[in-house]
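Read through the structure below, which is laid out as C-alpha cells, and then see the notes.
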Amino acid sequence: MNDFFNLLRYTTLAGYQWQQPRLLLLIAAVPLLFGLRWLLARRRAQVVVAFAPGPVRRDWAAVLRFVPDVVLALALSFAIVALARPQRTDERVEQSGRGIDLVLALDVSGSMEIEDLRPNRLEAAKRIATDFVNSRAGDRLALVAFAGEAYSLAPLTTDYDLLREDLRSLRVGMIKEDGTAIGTALGVATNRLRESTARSRVCILLSDGENNAGSLDPLLAAQLAHAFGIRIYTIGLGKDGFVPYGQDSLGRTRYVNTRLDETTMRQLAAAADGRFFRATDTGALREVFAQINRLEKSEIKQLRFRNTKDFYRPYLWLSIALWLLWLLLKSTFLSNPLED
C-alpha cells in the first residue's frame, strides 16, 4: 500500500525524467472529455419523467453515480502518465589519465596594495587565481605565499574548496617580515613538488617587485627546480613608474615609484623551461592565466556510464486495473442510464 501511495506523491512524480513530457498536458484535457460527453447527452432526446407532487427528497446516495466517471478519468490520466515514460537515470563517471601538480606562489608584500590594478594588485591576483583554480579538473594544486619569507599555505591537493578559502585569506601583512623573497618562494615550491610523480610539475610565481629578501638566490632556486623537472612560469605584475597608492592625510591620491625586475623574472623562467609574462592591468593578468591554462593541460579522460530505468509499468497496470473496474461499474446500479 505504501508503494502505491509513493507512486502518487508529488515528490515522486517531480523526481522523474520524462521521455515525452508534452504528453502530460493531455491530462488537462481529460475533464474536457467529460464536459463534451455531458453536452452531447443533453442534445439527445429527453425522457419525460413524472414525479409525485411536493419537493423531491435529496438522496446523497445519488452521488455514487459519478464514481464510474471518476474511475474512468483516473484510468485515462494514469495511461497518459505511462505514455509520457517516467524514467530515472543514474550516471557514473570514471576518470583515467594523469593530472598536473601545480604550485601557485603569490606575492603578499606591501607593494601588492598598489592600485594600478583594481581594486589593488593583490585582490586582482586573488580573484583571477581563483578563476584559474576553478578551471582545473583532476590536477593537484598547492599555494605558497611570500613576502620577506615564504610559507606553504596549502599542500598539493584536489580539494579546490580549501584552495579557494586559502586564496581568500591572503592579505598584505600576513607575513611579518616585509620584502620580496622570490628565491625563498621558489625553494618552498620546489620542496612541495620534488617528490611528485605527476607527468608535469609546474610553479606559477606572481610578483610585482625585485628580490630583496631571503637567503636563497632566485636564479639558483630556479636551477634547482629545473633539476627536479619543474617548469616555472613567472608573472610580472603592475606598471613601472609612478602609480596610485592610497591617499595622503588630505584625501589626495598618493603616488609611489615602483619597478619590476623584469630581467631577473625572465631569467628565472628561462632557467626552468618556462615563460615570462607581464600583466599591467586586470585584463592582461586574466589573459596570462588563460594562456598558462592552455599550455598546461591535463590528460584526464572521463567515461560516463548512464543507466536509465523506466517507471511507466506501475502506472500502466494501474490504468488497466481502473479501466477494468470502470467496465465492472458500468454493469451495476451506479451507471447512469439517462446519460448513457
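Side notes on the structure shown:
- Straight-distance crosslink candidates among lysines, where the alpha carbon sits under 24 Å from K239 and sequence neighbours closer than 8 are dropped: K126
- Antiparallel %, DSSP beta bridges [both residues in region 100-297], to 5: 30 percent
- Rounded FRET efficiency, nearest 0.05, which uses the C-beta distance separating Y160 from D90 and R0 of 25 Å: 0.50
- Each of R171 and V67 was given a label point 7 Å from its Cα along the Cα-to-Cβ line. The distance between the two points is 7.4 nm.
- Partner aspartates and glutamates whose Cα lies under 12 Å from the Cα of K297, excluding those fewer than 8 positions away in the same chain, are identified as D101, D139.
- Summing Lys and Arg as +1 and Asp and Glu as -1 over all other residues whose Cβ lies under 12 Å from the Cβ of Q223 gives a net charge of -2.
- Taking N as its residue count, the alpha carbon Rg of region 100-297 over 2.2 N^0.38 Å: 0.96
- For region 72-174, the C-alpha radius of gyration sits at 1.87 times the compact-globule guess of 2.2 N^0.38 Å, with N the residue count.
- In region 108-192, the chymotrypsin sites (Phe, Trp or Tyr not before Pro) that fall in loop regions by DSSP, at most 13 other Cβ within 10 Å: none
- Mean Cβ neighbour count within 10 Å, used as a protection proxy, ranking 134-145, 169-180 highest first: 134-145, 169-180
No lab work stands behind these numbers, since they all come straight from the coordinates. Bear in mind the structure is a predicted one, so any value in this text is a computation, not a measurement. Virtual Cβ from ideal backbone geometry, glycine too; neighbours counted across all protein chains shown.
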